[in-house]
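The values are calculated or read from the model by the stated rules, or taken from the named source; none is laboratory data. Just so you know, these numbers come straight off a predicted model, no measurement behind them. As a convention, Cβ positions derive from the backbone with ideal geometry for all residues, glycine included, and neighbour counts pool all protein chains shown.
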Amino acid sequence: MKEYPVLGTKDTRSGFGDGLAELGRTNKNVVALCADLIGSLKMNQFKDENPERFFQIGIAEANMMCIAAGMTIGGKIPFTGTFANFSTSRVYDQIRQSIAYSDKNVKICASHAGLTLGEDGATHQVLEDIGMMKMLPGMTVINPCDYNQTKAATLAIADFEGPVYLRFGRPKVPIFIPENQPFIIGEALHLTEGTDVSVFATGHLVWKALEAAKELEKEGISVEVINIHTIKPLDVKSILESVQKTGAVVSAEEHQIAGGLGESIAQVLATNLPTPMEFVAVNDSFGESATPDELMAKYGLETVNIIEAVKKVVARK
């Protein structure tokens with residue numbers, strides 16, 4: 001099985017911040033808006049280097065989305081920044097009406113997604129955002145897995161025409177995607193080849209899927225791990241090619257089962273290639289206050305849960 005050495009650890013929000021800073025130097029149409037969370041979103045460097053292109057909106061997220069939509073009319077490429085919960089639930093009407101329906105070229109950049117926001121608790125955690133955003137017609141939804149991939153995604157969406165939801169997180173996680181790995185929107189990244197089961201993972205669960213594959217290989221189970229960094233548009237071709245080979249599927253994500261990546265894959269399989277499938281995700285529950293590691297364990301989003309799901313689905317083949 002192909003090995004992915006850990007190149008260090010870093011939070012994915014820093015990948016966004018560094019990517020945005022680079023865009024500030026290379027693309028004069030990029031502007032940034034923040035809802036009073038400059039440090040949390042790692043937007044400091046862009047702000048310091050481009051004060052005339054940075055807009056502190058304050059705790060007025062709905063206004064921020066509408067302002068960003070207006071800026072596109074003049075050819076600007078707005079990147080909005082706040083927590084994922086405030087980037088979606090709090091401003092869904094404004095996104096739907098002013099950005100998605102109007103097909104505005106706004107990049108909605110959302111940090112502190114999922115349970116790994118940790119001690120801030122359920123009011124600040126969000127586990128429904130992927131479902132909310134993927135249902136909007138024309139909205140592209142991206143959920144990268146580590147620092148390098150998040151930086152690459154940030155650079156890529158600036159060149160992409162249309163509204164984008166970019167989701168990332170707060171905790172430090174392993175860096176394992178090579179720095180020079182091209183980021184192609186809508187194209188899944190094959191990490192390991194396998195014959196017994198396809199594991200489709202996104203975000204923080206990609207590294208855990210690789211850990212699970214390594215352990216399962218010792219037991220003679222061959223796991224194909226595919227990084228679905230773009231949840232919409234989904235790489236249907238790669239999914240079907242993998243499943244035709246393995247005949248079993250596990251999805252893994254830091255999100256609700258309802259509305260997430262697994263649901264999208266299940267729809268593809270139901271209409272093209274009915275296949276046994278298991279889901280590693282949060283099952284119809286809000287989060288709570290605890291450390292990120294404690295929450296990931298309690299809600300079944302660890303390496304061991306992927307291993308259990310793989311064994312269960314392989315037994316159903």
Query - Unmet criterion (only one of (1) in contact (Cβ under 8 Å) with a residue 24 or more places away in the chain; (2) more than 28 Å from Ala122 (Cβ to Cβ)) for Ala270 - result: (1)
Query raised in the report: If you take the residues in the range 1-53 that are surrounded by fewer than 20 Cβ atoms within 10 Å (Cβ to Cβ) and among the hydrophobic types (A, V, I, L, M, F, W, C), which one is farthest from the chain's Cα centre (by Cα)?
Result: Met1
Query raised in the report: How many residues are assigned to a loop (DSSP other than H, G, I, E, B), among the β-branched types (Val, Ile, Thr) and within 18 Å of Gln256 (Cα to Cα) if we restrict to the range 160-215?
Result: 1
**Report entry** Which listed residue, of Gly220, Gly247, is without any contact (Cβ under 8 Å) to a residue 40 or more places away in the chain, more than 27 Å from Thr140 (Cα to Cα) and in the same structural domain as Val304 (by TED's automatic domain parsing)
**Finding:** Gly220
Query raised in the report: Here are some conditions: (1) of a type in the set (Val, Ile, Thr); (2) closer than 28 Å to Gly121 by Cβ; (3) in contact (Cβ under 8 Å) with a residue 60 or more places away in the chain. Ile77 meets all but one. Which one does it not meet?
Result: (2)
Query raised in the report: Pairs under 7 Å by beta carbon, first residue free of Cβ contacts under 8 Å to residues at least 12 places away in the same chain and charged (D, E, K, R) in the range 159-177, partner assigned to a loop (DSSP other than H, G, I, E, B) and crowded, with 24+ Cβ neighbours inside 10 Å, six or more apart or different chains?
Result: none
Report task. Can you tell me which residue among Leu301, Leu295 is crowded, with 22+ Cβ neighbours inside 10 Å, assigned to a loop (DSSP other than H, G, I, E, B) and in contact (Cβ under 8 Å) with a residue 40 or more places away in the chain? Result -> Leu301
